[in-house]
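As structure tokens, the structure follows; a few thoughts come after it.
The values are calculated or read from the model by the stated rules, or taken from the named source; none is laboratory data. Quick caveat: nothing in here was measured; it's all calculated off a predicted structure. Every residue, glycine among them, receives a Cβ derived from its backbone with ideal geometry; neighbour counts consider all protein chains shown. Surface areas here come from the heavy atoms of the whole protein model, side chains and all, with no ligands, DNA or RNA. Shrake-Rupley method; radii C 1.70, N 1.55, O 1.52, S 1.80 Å.
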Amino acid sequence: MDLTIGPVRPAQHTTLGDITAEAYLGDGLLDFGAEDPYLAELRAVARRAAEADVLVATDGEGRLLGGVTYVTAGTPWADIAREGEAEMRMLAVTPEARGRGVGEALVRACVDRARATEGLSGLVLSTQTTMRAAHRIYLRLGFTRTPERDWTPIPAVPLLTFRLDL
């Protein structure tokens, strides 16, 4: 597949917000379904792009296939990153692009970005227990589970954590 990874453009904000929200809804990852308050954050691509690095994957015809948010510790979108760490969040891929390497390419772009940033020792992420396809990508790329950092942002939503030493 002809695939390009780059920063999100303003004209892509709404589409990426829809892709991200639909991925979480379609995979049953939101406890309150279409009424889940987290949907607003998933759709807030313009705000994320102003406060973090949002990367997108597009195909050879410019179709948006997915995206991910990359942050460093101490910034507004960081959840678990500690000093000296970067974090990736909200990885989402369209249903038709799944299984074609898009998610892995987005993760690799975050890894490359983290490795190119002086002073970082690791890249971390949180993931739901049911995101098994994503877990396989993380493990294949060298991430390890960090159960001591697992957390529960809201009751009944436990998140697993992974870290890649850089």
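Charged neighbours of Thr72, selected by a Cβ distance under 14 Å, balance to -2 (K, R count +1; D, E count -1). Counting protein heavy atoms only, the chain has 50 percent of its accessible area on carbon and sulfur, 1.4 angstrom probe. Backbone phi angles across segment 48-62, fed through the Karplus curve with coefficients 6.51, -1.76 and 1.60 (θ = phi - 60°), yield HN-Hα couplings of 4, 5, 7, 10, 8, 9, 10, 10, 10, 10, 10, 8, x, 9, x Hz in residue order; Gly and Pro are listed as x.
Quick check: the distance between the Cα centres of segment 3-36 and segment 105-166, to the nearest angstrom? Taking the Cα centre of each part, segment 3-36 and segment 105-166 sit 19 Å apart. Taking 0.36 nm per residue of separation and subtracting the current Cα-Cα distance, fully stretching the chain between Thr4 and Thr130 would add 42.6 nm.
Local charge for Ala134 was computed over the other residues whose Cβ lies under 11 Å away, with Lys and Arg +1 and Asp and Glu -1, and equals +2.
Taking every DSSP helix (H) stretch of at least 4 residues in the chain, weighting each as -39,500 (n - 2.57) and dividing the sum by the residue count yields a mean residue ellipticity at 222 nm of -9000 deg cm²/dmol. Counting only Cβ charges, +1 for Lys and Arg and -1 for Asp and Glu, the dipole size of the chain around its Cα centre is about 340 debye.
Here segment 85-166 is assigned +1 on the Cβ of each Lys and Arg and -1 on the Cβ of each Asp and Glu. Its dipole about the Cα centre then comes out at about 300 debye. Between Asp150 and Glu118, the FRET efficiency from the beta-carbon distance, with R0 = 35 Å, is close to 0.75. Placing unit charges on the Cβ atoms of the charged side chains and taking the dipole of the chain about its Cα centre, the candidate lying farthest along the positive direction among Met90, Leu159, Val124 is Val124.
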